[in-house]
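The values are calculated or read from the model by the stated rules, or taken from the named source; none is laboratory data. Since the structure is predicted, the reported quantities are computational estimates derived from the model, not experimental observations. So basically every Cβ, Gly included, is an ideal-geometry build from the backbone, and we count neighbours across all protein chains shown. In case anyone asks, the SASA skips ligands and DNA or RNA and just uses the protein heavy atoms, side chains included. Shrake-Rupley method; radii C 1.70, N 1.55, O 1.52, S 1.80 Å.
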Amino acid sequence: MDRFVSTFTNKIDAKGRVSIPASFRAVLERDGYAGGIAGGLYCYPSLDAQALDAGGERLAKKIDGLLAGLPDYSNERDELSVALYGDVQVLSIDGDGRIVLPENLRAHAYLDAAVSFVGLGEKFQMWEPKRFEERRAEARSKVQVTRKLFAAGSRPSGDGGDEGARE
């Protein structure tokens, strides 16, 4: 598997350490995470949620690609660079599979006793567990509405034909 999938909740210890789920560590290793100076876990405050976005080299390359699509020295490029790279913390994973979450990142995501790790494919997010449950319920509700809209677009037009009907 080369994607971050599923949801896991782990406790934060008194020193601010939390274990990265083993399946997420495996994706990071395949993505080039070597620990120390050779690589790291990129982690920054989410731009649109009270959560943290995190990932490996693939995430960094995706951000590079977004920035490359904007004109050099443009306000948009500078703003996106500040919002993403300006707040990135490169975290090391210790021998027990743990990271130390810096206080500023924990404060942004309201992380205190536990963290929910949420796989999003090329990246993952870290959420305060109760806030994530609210977010998950909201996302599922929106998906139901969207699904109904897509289904409505594939229904027969009322002329008795069955073109586009779902099977």
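Among the residues that make up the stretch 63-83, is at least one of them touching a residue at least 24 places away in the same chain (Cβ under 8 Å) and either under 15 Å from the mean Cα position of the chain (by Cα) or in a strand (DSSP E or B) (or both)? Within the stretch 63-83, none of the residues are touching a residue at least 24 places away in the same chain (Cβ under 8 Å) and either under 15 Å from the mean Cα position of the chain (by Cα) or in a strand (DSSP E or B) (or both). Among the residues that make up the stretch 71-81, is at least one of them of a type in the set (Asp, Glu) and either modelled with pLDDT under 90 or surrounded by 13 or more Cβ atoms within 10 Å (Cβ to Cβ) (or both)? Checking the stretch 71-81: at least one residue is of a type in the set (Asp, Glu) and either modelled with pLDDT under 90 or surrounded by 13 or more Cβ atoms within 10 Å (Cβ to Cβ) (or both).
With the condition kept exactly as written, say whether any residue in the stretch 50-59 is modelled with pLDDT under 95, under 18 Å from GLY95 (Cα atoms) and either over 12 Å from the mean Cα position of the chain (by Cα) or not in a helix (DSSP H, G or I) (or both). The answer is yes, given that some residue of the stretch 50-59 is modelled with pLDDT under 95, under 18 Å from GLY95 (Cα atoms) and either over 12 Å from the mean Cα position of the chain (by Cα) or not in a helix (DSSP H, G or I) (or both).
Against the numbered list (1) open to solvent by less than 40 Å² (accessible area, probe 1.4 Å); (2) over 19 Å from ARG17 (Cβ atoms); (3) touching an Asp or Glu at 6+ places or on another chain (Cβ under 9 Å), ILE63 comes up short only at (3).
Can you tell me which residues in the stretch 123-135 are open to solvent by 60 Å² or more (accessible area, probe 1.4 Å) and touching a residue at least 40 places away in the same chain (Cβ under 8 Å)? Hits for the stretch 123-135 are ARG131, ARG135.
Of the residues in the stretch 32-42, not one is exposed (fewer than 12 other Cβ atoms within 10 Å of the Cβ) and hydroxyl-bearing (Ser, Thr, Tyr).
Counting the residues of the stretch 13-38 that are assigned to a loop (DSSP other than H, G, I, E, B), at negative phi and at pLDDT below 90 gives 3. Could you tell me whether the stretch 90-105 includes any residue that is touching a Gly at 6+ places or on another chain (Cβ under 8 Å), hydroxyl-bearing (Ser, Thr, Tyr) and farther than 17 Å from PHE8 by Cβ? For the stretch 90-105, residues touching a Gly at 6+ places or on another chain (Cβ under 8 Å), hydroxyl-bearing (Ser, Thr, Tyr) and farther than 17 Å from PHE8 by Cβ: present.
Of the residues making up the stretch 84-106, those that are outside any loop (DSSP other than H, G, I, E, B) and not hydrophobic (A, V, I, L, M, F, W, C) number 8.
Counting the residues of the stretch 95-122 that are closer than 18 Å to PHE24 by Cα, exposed (fewer than 13 other Cβ atoms within 10 Å of the Cβ) and either in contact with a Leu (Cβ under 9 Å, 6 or more places away or on another chain) or among the charged types (D, E, K, R) (or both) gives 1.
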